[in-house]
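See below for the structure under consideration.
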Amino acid sequence: MNTKNEQFMSDVIAGLSLGQKALPCKYLYDEDGSRLFEAICETSDYYVTRADLAVLDQHLPEMAKLIGEQVHVIEFGSGAGVKTRHLLRALNAPVAYTPIEISASALEASAEALRGHFPKLAIRPLQWDYTQDIPSSVLSVGEPDQRRLVFFPGSTISNFTHTEAAEFLSRIRNMIKAQGDRPDGGLLIGVDLIKAHDILVAAYDDSEGVTRDFNLNLLHRINRELDANFAVDQFRHEARYNTDHNRIEMHLVSQQEQQVRINGHRFEFKDGESIHTENSHKYSVEGFSKLAKESGLKVVKSWVDDQQLFSTHYLECDPGFVD
Ligand code: AVI
């Protein structure tokens, strides 16, 4: 077993040994999972991607004005999407674009696609786990180093716990704050909004069954990569809204009392017992602004779409913040 699979194995064993069984949501995204996630974004129930793009498209000229000219755009995620192209087109003379992504193949494919659209822009893909620190020198562009804009669309921040989200925003603050001759930069981030529970549950349990397949794929992956024996058809997908935490939770619910073997370990499931596989936190505009403030960032401006489904925020370092 290689090191990557050893980590996967120990995370699965640890997660299934918890009182409330749980698995880290990053494991939903193997090749099949990433393809299924792309398909989720196309379903009529999953409004998130469309609403995110609608906010951007409606307000990009104003966003670009606030962001300013000649920025170095840094995106967490491979940035193959239409949102990246729209942003880069709207900005005034961006100097470079750095997509940061752990998967080398996704990174190269998207960088290549973007080069076709922006032949004159310096595109500098960086293979890195963006939940870990990135040395500032790795990101430097030019002399003096260029002002930075971090772009984090899609509400991926929703999949972090509040503590993780606050730490992540602090790390972004360190990345964009002035250093040497480089002036303070900014963050443009998409955040999904709290809304009627039925809309949320439908978005995470779409009528086409794509999210179901996405969630169940995790059990197929564990069977395949860790030589486990999950009877996948004896589990069902469930999306629940947790009102206390303002989040959608995805679960895989056992349909009967059963046992699963993974590499010499045995896990018992009661009928109706679940594995918690993902959280997607929803925020109000004020709630997100408060979270950002705790991390030393201040919201300069927030935008929401006409249906109040999704928000996009432009933030800068809070000068009054003491580390
Ligand atoms: C990637 N992330 C923002 C998605 C979300 O909405 O939380 C992941 C997802 N899970 C199921 N559907 C979409």
- If you take the C-alpha gyration tensor of the chain, multiply each eigenvalue by 5 and take the square root, what semi-axes do you get, largest first, in whole Å? 36, 22, 19
- Note on the structure: Rounded to one decimal in nm, the spacing of the 7 Å Cα→Cβ label points at Arg35 and Ala93 is 4.5 nm
- Message: Given a Förster distance of 25 Å, report the FRET efficiency between His197 and Glu273 from their Cβ-Cβ distance, rounded to the nearest 0.05.
- Response: 0.60
- Checked against a 21 Å limit on the C-alpha separation, the offending pairs among Lys4/Lys83; Lys195/Lys270; Lys4/Lys26; Lys83/Lys293 are Lys4/Lys83; Lys195/Lys270; Lys83/Lys293
- Label-to-label distance, nm, for residues given as Lys301 and Gln7 (7 Å Cα→Cβ offset): 3.9 nm
- Query: How about segment 226-289: which chymotrypsin sites (Phe, Trp or Tyr not before Pro) there are in a DSSP loop, with at most 15 other Cβ atoms within 10 Å of their Cβ?
  - Reply: none
- Message: I'd like the distance between the alpha-carbon centres of segment 187-241 and segment 98-122, rounded to an integer number of Å.
- Response: 28 Å
- Task: As a check on your grasp of the helix formula, calculate [θ] at 222 nm for the chain: sum -39500 (n - 2.57) over DSSP H runs of n ≥ 4, divide by the residue count, round to the nearest 500.
- Result: -12000 deg cm²/dmol
- Message: Through the Karplus equation 6.51 cos²θ - 1.76 cosθ + 1.60, θ set to phi - 60°, convert the phi angles of segment 175-180 into ³J(HN,Hα) values in whole Hz; use x for Gly and Pro.
- Response: 6, 9, 6, 4, 8, x
- Task: Could you pull out the trypsin sites (Lys or Arg not before Pro) across segment 48-156 that fall in loop regions by DSSP (anything but H, G, I, E, B) with no more than 16 other Cβ atoms inside 10 Å?
- Result: Lys120
- Query: Taking the Cβ-Cβ separation of Gln255 and Asp129 as r and a Förster radius of 30 Å, what is the calculated FRET efficiency to the nearest 0.05?
  - Reply: 0.30
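Throughout, read-outs are computed from the coordinates displayed, never taken from laboratory work. What you see is a predicted model, and the numbers here were worked out from it, not measured in a lab. Using ideal geometry, Cβ is built from the backbone for each residue, glycine included, and neighbour counts are taken over all protein chains shown.
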